[in-house]
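Colleague: A single structure is presented below for examination.
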Amino acid sequence: MADHYRTELITDAIQMAARNVKLPAGAVFHSDRGSNYTSDEYGRVLGELGITRSVGRTGICYDNALAESTNGAIKVELVNREKWPTRKSASAAIAAYIEIYYNHQRIHSGLGYQTPREMLDGYQNHRPAA
């Protein structure tokens, strides 16, 4: 969480995610066509992490529907219901919501009424061995 939306905010987040989760081979990062996501810096970081870049089609909002749904849920279920005295307390609350509740407890109809963690575990456990 930062007070800006420069490319480094996105690349820092991707690098943090890559440190916290073992990325599967062939990982894809999908985004819209914003300048941050089409920048050389963003492409370089994805390349270093072995992540393939994917961007939505121009004018087709459905390409980012899953990400927008996730962001919407976080805003409706947490952000718009609270007031935090500091950016640090807001950041901690949002991180806890995502890591503890959203990924591990909240079921999602788009995932067959599983949590994101259950979906990831199922994917990782059913991949053929290399």
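Colleague: Quick check on the range 59-84: of everything there that is of a type outside the set (Asp, Glu) and at pLDDT below 85, which residue is surrounded by the fewest Cβ atoms within 10 Å (Cβ to Cβ)?
Modeller: Gly59
Colleague: Another one. Name the residues in the range 10-55 that are of a type outside the set (Gly, Ala, Ser), in a helix (DSSP H, G or I) and within 13 Å of the chain's Cα centre (by Cα), would you?
Modeller: Start the filter on the range 10-55 by keeping residues that are of a type outside the set (Gly, Ala, Ser), which leaves 10-12, 14-16, 19-24, 28-30, 32-33, 36-38, 40-42, 44-46, 48-49, 51-53, 55.
Going one step further and asking which of them are in a helix (DSSP H, G or I), we end up with 10-12, 14-16, 19-20, 40-42, 44-46, 48-49.
Residues satisfying the conditions are Ile10, Thr11, Asp12, Ile14, Gln15, Met16, Asn20.
Colleague: Checking the structure you have, find out if any residue of the range 67-74 is β-branched (Val, Ile, Thr) and closer than 21 Å to Val21 by Cβ. Write out each step before concluding.
Modeller: Step one: filter the range 67-74 for residues β-branched (Val, Ile, Thr), giving 70, 74.
After this cut, where a residue has to be closer than 21 Å to Val21 by Cβ as well, the list is 70, 74.
Yes, the range 67-74 contains at least one residue that is β-branched (Val, Ile, Thr) and closer than 21 Å to Val21 by Cβ.
Colleague: Can I ask one more? Which of the residues that make up the range 1-26 are basic (Lys, Arg) and at pLDDT 90 or above? Before you say what the answer is, go through the steps one by one.
Modeller: As a first pass, look at the range 1-26 and keep what is basic (Lys, Arg): 6, 19, 22.
Answer for the range 1-26, where residues must be basic (Lys, Arg) and at pLDDT 90 or above: Arg6, Arg19.
Colleague: Restricting attention to the range 81-130, which residues are in a loop (DSSP other than H, G, I, E, B), within 21 Å of Ala65 (Cβ to Cβ) and either acidic (Asp, Glu) or under 17 Å from the mean Cα position of the chain (by Cα) (or both)?
Modeller: The initial filter retains those residues of the range 81-130 that are in a loop (DSSP other than H, G, I, E, B), namely 82-86, 103-107, 112-113, 115, 126-130.
Next, only the ones that are within 21 Å of Ala65 (Cβ to Cβ) stay: 103, 106-107, 112-113, 115.
Across the range 81-130, the qualifying residues are Asn103, Arg106, Ile107, Thr115.
Colleague: I'd like to know if the range 55-65 contains one or more residues that are among the β-branched types (Val, Ile, Thr), within 21 Å of Met1 (Cα to Cα) and free of Cβ contacts under 8 Å to residues at least 24 places away in the same chain.
Modeller: Our first condition is that a residue be among the β-branched types (Val, Ile, Thr); within the range 55-65, this holds for 55, 58, 60.
Next, from what is left, pick out any that are within 21 Å of Met1 (Cα to Cα): none.
No, because not a single residue in the range 55-65 is among the β-branched types (Val, Ile, Thr), within 21 Å of Met1 (Cα to Cα) and free of Cβ contacts under 8 Å to residues at least 24 places away in the same chain.
The values are calculated or read from the model by the stated rules, or taken from the named source; none is laboratory data. Everything quoted here is computed from the prediction, not taken from an experiment. We place every Cβ from the backbone using ideal geometry, glycine too, and count neighbours over all the protein chains shown.
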